[in-house]
Amino acid sequence: MTGKTPPRKRGRPRKQKPLTSTSQFRLIRANLHERAFERLRAMIVRGKLQPGAQLIETELCDLLQVSRTPLREALKLLAAQGLVELRQNRSARIAPLRIEAIRDLFETMSNVERLAAESAAVRITDAGLRELRRLQDEIQRFGQAGDLDGYFAANQKIHSAIAAAAANTVLLEIHELLFPRAERARFFALSSRRRWQESIEEHLAILEALEARQADTAGRLMADHVYHTGQEVLQILAADPALSGVAA
């Protein structure tokens, strides 16, 4: 004997619970360490936090409006980029600008960026060249206006764009690993206004070599440009060793 299926009860469909603010809050909390990292990184690169300065967690938590857990995660990321030193049983501190480390870093970067420029001269697209010309116009405009932050941001984009235009994934990975380590020293070098104008002229010469598809010239000019930046940092520190923060 076959029984009939009981009729389904009719009624209002059950409402699904809307996404609550709690789930959104969790997402925001998950990103807190990244936001703290970006803000601290900008402060370190731009000299708002001096080399060798001790980092007091309670003060940073108040400043960044985060708890200690995301702050400590942010400090680990900064340590991985060589910007912060984590010390056992002691407060973390901003990594000093050590002469030997700067010399080694810029020696390496000059060769990495030489290869990037040589490859980019062969592989860069016309659209890529137009973008570099636009960025060159930007750094010239920011330089004339004395806008250091704008100038520095455009300058960094130029280096990253040339590395990407090299179309070599391994080279790009190496560049992206080292480039953040050099960023603070690059900004430090711009405390000399003379270096601003030199850098603008060097970038223009590199761009013209790329536009002419002259790989050897573009590579040589880029290597010289990076070397000059490193030398500027070393000269500033030699003139005033206290700026390094080594003895802090």
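In this structure, is Thr229 part of a helix (DSSP H, G or I), over 22 Å from Gly47 (Cβ atoms) and among the polar types (S, T, N, Q)? Steps first, please.
Details: part of a helix (DSSP H, G or I): yes; over 22 Å from Gly47 (Cβ atoms): no; among the polar types (S, T, N, Q): yes.
Considered against the rule, which asks whether it is part of a helix (DSSP H, G or I), over 22 Å from Gly47 (Cβ atoms) and among the polar types (S, T, N, Q), Thr229 comes out as no.
Yes or no: region 64-81 includes at least one residue that is within 20 Å of Val233 (Cβ to Cβ) and free of Cβ contacts under 8 Å to residues at least 60 places away in the same chain. Yes, region 64-81 has at least one match. Somewhere in region 196-206, is a residue open to solvent by 10 Å² or more (accessible area, probe 1.4 Å), free of Cβ contacts under 8 Å to residues at least 24 places away in the same chain, closer than 17 Å to Phe106 by Cα and not basic (Lys, Arg)? Checked against the condition, which is being open to solvent by 10 Å² or more (accessible area, probe 1.4 Å), free of Cβ contacts under 8 Å to residues at least 24 places away in the same chain, closer than 17 Å to Phe106 by Cα and not basic (Lys, Arg), region 196-206 yields no hits at all. Can you confirm whether Arg193 is closer than 22 Å to Gln50 by Cβ and surrounded by fewer than 15 Cβ atoms within 10 Å (Cβ to Cβ)? Criteria met by Arg193. Out of Ala205, Ala215, which single residue is in contact with a Ser or Thr (Cβ under 8 Å, 6 or more places away or on another chain) and at pLDDT 95 or above? Within the list Ala205, Ala215, the selection yields Ala215. For the residues Leu75, Leu64, the requirement of being open to solvent by less than 90 Å² (accessible area, probe 1.4 Å), within 30 Å of Phe152 (Cβ to Cβ) and modelled with pLDDT of 90 or more singles out Leu75. All of Ile56, Ile28, Ile99, Ile94 fail the test of being open to solvent by less than 100 Å² (accessible area, probe 1.4 Å) and either modelled with pLDDT under 85 or over 30 Å from Asp240 (Cα atoms) (or both), apart from Ile28. Among the residues of region 141-165, those that are touching a His at 6+ places or on another chain (Cβ under 9 Å) and open to solvent by 40 Å² or more (accessible area, probe 1.4 Å) comprise Ser160, Ala164.
When region 76-117 is limited to residues that are among the polar types (S, T, N, Q) and either at positive phi or part of a helix (DSSP H, G or I) (or both), the one that is farthest from the chain's Cα centre (by Cα) turns out to be Asn89.
Please work out if Gln197 is at pLDDT below 95 and polar (S, T, N, Q).
Working: at pLDDT below 95: yes; polar (S, T, N, Q): yes.
So Gln197 passes the test.
Summed over region 125-140, the residues that are exposed (fewer than 15 other Cβ atoms within 10 Å of the Cβ) and either acidic (Asp, Glu) or under 14 Å from Ser199 (Cβ atoms) (or both) give a count of 2. For region 33-53, a residue qualifies if it is part of a loop (DSSP other than H, G, I, E, B) and either out of contact with any Pro (no Cβ under 6 Å at 6 or more places or on another chain) or open to solvent by 40 Å² or more (accessible area, probe 1.4 Å) (or both), and the qualifying residues are Arg46, Gly47, Lys48, Leu49, Gln50, Ala53. Output the residue which, of all residues in region 152-194 that are of a type in the set (Ser, Thr, Tyr) and modelled with pLDDT of 95 or more, is nearest to Ala205 (Cα to Cα). Among residues in region 152-194 that are of a type in the set (Ser, Thr, Tyr) and modelled with pLDDT of 95 or more, the one nearest to Ala205 (Cα to Cα) is Ser160. When region 166-178 is limited to residues that are open to solvent by 20 Å² or more (accessible area, probe 1.4 Å) and part of a helix (DSSP H, G or I), the one that is farthest from Gly230 (Cα to Cα) turns out to be Thr169.
Residues in region 210-232 that are farther than 25 Å from Arg103 by Cβ and crowded, with 21+ Cβ neighbours inside 10 Å: Leu210 only. Restricting region 239-248 to residues that are touching a residue at least 12 places away in the same chain (Cβ under 8 Å) and among the aliphatic types (A, V, I, L, M), the residue that is surrounded by the most Cβ atoms within 10 Å (Cβ to Cβ) is Leu243.
The values are calculated or read from the model by the stated rules, or taken from the named source; none is laboratory data. Keep in mind that this is a model prediction, so the values were computed, not measured. A quick note on method: Cβ atoms are made from the backbone with ideal geometry, for glycine too, and the neighbour counts reach across all protein chains shown. Keep in mind that these areas ignore ligands, DNA and RNA; they rest on the heavy atoms of the full protein, side chains included. Shrake-Rupley method; radii C 1.70, N 1.55, O 1.52, S 1.80 Å.
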